[in-house]
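Taken together, the values in this text are just the output of simple stated rules run on the coordinates, not laboratory data. Nothing here was measured: the structure is a model prediction, and the numbers come from that model. No Cβ is skipped: glycine too gets one built from the backbone with ideal geometry, and neighbour counts run over all protein chains shown.
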Amino acid sequence: MGVKHFGARVARLEDPALLTGRGRYVDDVNIPGMLHACFVRSPHGHALIQSIDAGAARQMPGVHAVLTADDLPAPMAGARMPMLVPNAAIAALRTQHCLARDEVCYVGQTVAVVIAESRYLAEDAVAMVEVDYDPLPAVSDCRAALEPGAPTAHRDLPDNLASAFRQSFGDVDAAFAGAPHVFRESLFQHRGGGMALETRGVVAHHDRITDLLTVWSATQTPHIGRRMIADLLGRSPERIRVIAPDVGGGFGPKAIFYAEEAVIAAAALLLGTPVKWIEDRREHFLAATQERDQHWDVEIAVEADGRIRGVRGSLIHDTGAFVPWGVIMPYIASATMPGPYVLPAYQLDVKVALTNKVATTPVRGAGRPQAVFAMERLMDRVAQGLGIDPAEVRRRNFIQPEQMPYAVGLIFRDGKPLVYDSGDYPKAQAEALTLADHAGFPARKAAALKAGRHIGIGIANYVEGTGLGPFEGVTVRVQQNGKVLVATGATNQGQGTRTTLSQIISDRLGCRIEDIEMSIGDTAAIANGVGAFASRQAVNAGSSAAMAAEVVRARVVQLAARALGVPEAEVAIEDGKAIAQSGNRPEIGFGDLARLSQGMPGFSMAAGDMPGLEHTAYFTPPQASYCSGTHVVEAEVDIMTGGVRLLTYSVAHDSGTIINPLIVDGQVQGGVAHGIGNALMEFMKYDENAQPVTTTFADYLMPMATDVPTCRIAHVESPSPLNPLGVKGAGEGGTIPAAAAIVAAVEDALSPFGIRFSETPLTPERIVEALTVAGAYKRAAS
Amino acid sequence: MIAKRNISVEVNGALRQAEVEPRLTLADFLRHTLDLTGTHVGCEHGVCGACTVLVDGRSARSCLTFAVQVDGRAVTTIEGLGPGAGGLGVLQEAFQRHHALQCGFCTPGMLTTLTELLNDNPDPTEDEVREVITGNLCRCTGYAGIVAAALDAARRLREGEA
Ligand code: FES
Ligand code: FES
């Protein structure tokens, strides 16, 4: 066998093109005669549309069309967009129209679209479209939205309660009634957007000769997109091809299907010309989905030694004006709260509030960072209240490896009982503490304090359901030129999907990695696909790749044995050749075998033979596989400015068997950076009228190179028994516990002032405010 | 509409002439007029750095520069950084080795910015590298690979690797 790639730090196959400017992102698609779109968007959080006058805009030079809802084809002209993840717990099944009909419910909602010869001309014309709005009261804050008498986010709904549900197990009342200690927290948690560096974008082109509508979209889910476009246009999916080309980051918001994708497709059909729309960053702040506000009121009951008796509380989640992806984010949050701890009783009441803001849908972590923050803040309160070291409190409560598989007692978001498949939580925490030199921290802290510096340490643990279904498919096809074509519905926004799958297939099939050609994110390449979300691709597509490669390998052996005249047991496969292990070792290449597999015109195939040297496998996981880990952060706070500097960041990460450590480390490091943004800076602010006020990167702060230390990373590998590779998802774990660990570290740094923090992000203003209230400056002055 | 203007610009060593609207940004000129799509646009308001190119060897935000402003000057984009024919230069190779890119969208701006740094300062410290790329946002990598790649490339260049 050639070089083994599985498990090795294989340099990415994606890189050479991207490093030389030869990537092909959606805005790089240029088609002769292509026109450019710009959307007219609501400037109001909530308003009625009285009239739209596009007369002047239509007369502008270079303008080809201005489309409003009535100009769209049926059924999309009148229908609301399909809901992607419906759930019986959703009271208000509300999704938006592709172009607003008579009511707009958030700033940035699509009202009309201008199609012109350049984006510049289209933007000029957008300014000339006159929309007569009748503003309505808007609801901005999700807690206020649930108050009686609050303005409703939609004119025709009685209230703003989109959904209410309870998660519970065990006897929570008894757990609290007899508890020696109870600790409470009210937490405000904010998360911003995905903020992929590439904004959204769509190019649509209808070819009249083949009647094929091709849509390039910066999406994580092209197959879902095709189904949506087919429904909205009333068009056969066979006549629609959706391609996710190179995509410049996803992080969740690009997993959603958007109105703009359908409208641009419709425009290309209506006008008979290719149409391109590239979102600008301001539009992205307004109209790409985000995560946003959650309010948690939670309490924990513990024994005198810190062991948990129960946790209960309530959660209010801001879903924005619509629920395109259902309520899975608060659902995931509610199911993630128990974490790695033995929790005998639990109850969380969740309310999902409609507000006049853009919808919230999963952003890297998808409700899990908030749940971990809530649980880990409680664990810190226990530690503080009982005077036990935070690491020790956690250690006393861990589910032990010998308890695996461990049934938590809930139903997870995949509809299956929440059962942790594998993991070693005590080991992960121990490794992270070692990386962080936790034992040496008290001395460091004392020395720092002597020098007038305030440093602190924070710990957070998490368990994350990854690798969700329904399935992902991979086709492996040996071609007559000897190359191996791999097609998958999995997509790539930077995760290195091509490299990872190639590693699996080259090993299992026995070909050179450079002989693999990959067709990724193209609905024409494979019949069924799902795409990237919920850290699911290594599990789903990885397993399918392994399964498909093995079937094709068996077929290669069978054909080669016949061609070489030896028993199958004597056929070895290496670097794209089948070699007999006997005689003078005759061999035959993959290309010739592919030709043989097609049979000969007029001759019957051998009994039982299927034509072609290919196989498509669709792996479907029995349930989620649970990734886990521990983050330990050492931070320094400048008490004069409220600035936080992260001194060291240690991660013990368990995502099961690792296919490529280079890539997994990159996912962890990148995820941590995202979590640092959530912990300390990123804030998508709206005013009381639901007007967004942070719509540039100057107002909405993203972590920079000086904010993100290089992580120390240890891998704990607890293989998952749920898939043939033993893998679990790795894309979100870096983000999930980061805010919890960082806020704990900041709090610890300020322990001389007795300050408690229960919110994210923790901006310098907030830190200075808290220090002021604590009298820190008075004390310093005296 | 304001009258178009003729400009001639040396782009990656080749003289390019075009008639452009005064409001056309350099980024759009490179991407859409010249079809040099390696330069990316991430914010169009001068913060993200994805659009960074070199103008007469100095880094510049092509989203905040008008094409007419580079009339008579020399512009280098990502397409002009390597040895050509799709081959990788020392910095680009280091990016691959250290996994300094994931989606690749920030990469053109990172490479141009760091090319300028390594020209100015062949032996930068880690802090200097981090400081210089504060003008370039990367949402994917958490910067660790980028910083490691820049330091590694600097060392190799000092040691005379072409
Ligand atoms: S696109 Fe120019 S700085 Fe962001
Ligand atoms: S690699 Fe995606 S933004 Fe940097």
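Find the cysteines in the protein assembly as shown that fail to meet the 4.7 Å Cβ criterion with every other cysteine, and list them.
A:C38, A:C98, A:C105, A:C142, A:C511, A:C627, A:C711, B:C103, B:C140
Mind giving me the nanometre distance, one decimal, between the label points for B:D56 and A:A446, set 7 Å out from Cα along Cα→Cβ?
6.0
Amide H of A:G326: which non-local residues (sequence gap of 5 or more, or other chain) have their own amide H closer than 5 Å, using H built in the peptide plane?
A:L84, A:V85
In what order do A:F373, A:F619, A:F188 fall by count of nearby beta-carbon atoms within 10 Å, going from fewest to most?
So the residues, fewest neighbours to most, are A:F188, A:F619, A:F373.
With the cut-off at 28 Å, tell me which of the pairs A:K254/A:K728; A:K357/A:K728; A:K4/A:K416 have Cα atoms farther apart than that.
Among A:K254/A:K728; A:K357/A:K728; A:K4/A:K416, the Cα-Cα distance tops 28 Å for A:K357/A:K728; A:K4/A:K416.
Could you identify which residue out of B:A18, B:A85, B:A60 has the top mean-square fluctuation in a GNM of chain B using Cα springs shorter than 10 Å?
Highest fluctuation among the options: B:A85.
With the crude spin-label approximation of a point 7 Å out along Cα→Cβ, what separation in nm comes out for A:N528 versus B:Q17?
With each label placed 7 Å out from Cα toward Cβ, I get 6.0 nm.
Dipole of chain A, Cα-centred, from +1 at each Lys and Arg C-beta and -1 at each Asp and Glu C-beta, to the nearest 20 debye?
Value, rounded to 20: 1020 debye.
Might you report the magnitude of the Cβ-based charge dipole of segment B:5-80 about its Cα centre, with Lys and Arg at +1 and Asp and Glu at -1, to the nearest 20 debye?
In debye, rounded to 20, segment B:5-80 gives about 160.
Calculate one ³J(HN,Hα) per residue across segment A:470-478 by plugging θ = phi - 60° into the Karplus curve 6.51 cos²θ - 1.76 cosθ + 1.60, and present them in order as whole Hz with x for glycine and proline.
Computed from phi, the couplings for segment A:470-478 are x, 5, 9, x, 9, 9, 10, 9, 7 Hz.
Can you give the mean number of other chain Cβ atoms that lie within 10 Å of the Cβ atoms in peptide A:701-714?
Counting other chains' Cβ atoms within 10 Å and averaging over A:701-714 gives 5.
Within 10 Å, count the other beta carbons around each residue, average over each peptide in A:745-751, A:637-643, A:215-221, and list them highest first.
Result, highest mean Cβ count within 10 Å first: A:215-221, A:745-751, A:637-643.
For the peptides B:51-58, A:263-270, what is the packing order when you average, over each peptide's residues, the other Cβ atoms within 10 Å and list the highest mean first?
A:263-270, B:51-58
Please give the average number of partner chain Cβ atoms lying within 10 Å of the Cβ of each residue in A:728-738, rounded to a whole number.
0
Would any residue of segment A:598-618 have its amide N under 18 Å from a label point 7 Å out along Cα→Cβ of A:R562? List them or say none.
A:598-615
Scattering from the C-alpha atoms of the protein assembly as shown alone, worked out with Debye: what is log10 I(q)/I(0) at q = 0.05, 0.08 1/Å?
Log10 of I(q)/I(0), two decimals: -0.30, -0.78.
Give me the Å³ per residue figure for the convex hull around the C-alpha atoms of segment B:90-158.
69
Normalise the Debye intensity by I(0) for segment A:448-567, one equal point scatterer per Cα, no solvent, then take log10 at q = 0.19 Å⁻¹ and round to two decimals.
Cα-only, vacuum Debye calculation for segment A:448-567: -0.98.
Each label point is 7 Å from the Cα along the Cα-to-Cβ direction; what then is the distance between the points at A:I209 and A:L271, in nm?
Using points 7 Å along Cα→Cβ, the separation is 2.3 nm.
Would you be so kind as to identify which of A:F533, A:S502, A:A57 lies farthest towards the positive end of the dipole of chain A, taking Lys and Arg as +1 and Asp and Glu as -1 on Cβ and the Cα centre as origin?
A:S502
Multiplying the sequence separation of A:Q59 and A:D305 by 0.36 nm and subtracting their Cα-Cα distance, what value in nm do you get?
Going from the current span to full extension adds 80.9 nm.
Per residue of A:271-284, count partner chain C-beta atoms within 10 Å of its C-beta, then hand back the mean as an integer.
1
Using a simple charge model, +1 on the beta-carbon of Lys and Arg, -1 on the beta-carbon of Asp and Glu, nothing else, what dipole does segment B:90-158 show about its Cα centre, in debye to the nearest 20?
I would put it at about 280 debye.
Take peptides A:101-114, A:147-160 and line them up by average Cβ neighbours within 10 Å, highest first, as a rough protection proxy.
Ranking the peptides A:101-114, A:147-160 by packing returns A:101-114, A:147-160.
Could you give P(r) for segment A:39-183, binned at 5 Å from zero, as whole percent values over all Cα-Cα pairs?
All Cα pairs considered, the percentages come to 2, 8, 14, 14, 15, 12, 9, 7, 5, 4, 3, 2, 2, 1, 1, 0.
Going by how many other beta carbons lie within 10 Å of each one, how would you line up A:L99, A:L722, A:L212, A:L13, fewest first?
Ordered by Cβ neighbours within 10 Å, fewest first: A:L212, A:L13, A:L722, A:L99.
Under the rule of -39500 (n - 2.57) per DSSP H run of 4 or more residues, summed and divided by the residues of chain A, what mean residue ellipticity at 222 nm is obtained, to the nearest 500 deg cm²/dmol?
Helices in chain A give a 222 nm mean residue ellipticity of -8000 deg cm²/dmol.
For an R0 of 41 angstrom, estimate the FRET efficiency from the Cβ-Cβ distance between A:R22 and A:A79 and round to the nearest 0.05.
According to the calculation, E is roughly 0.50.
For segment B:90-158, build the charge dipole from Cβ charges (+1 Lys, Arg; -1 Asp, Glu) around the Cα centre, then report which of B:I133, B:A154, B:Y143 sits farthest towards its positive end.
Going by the Cα projections, it comes out as B:Y143.
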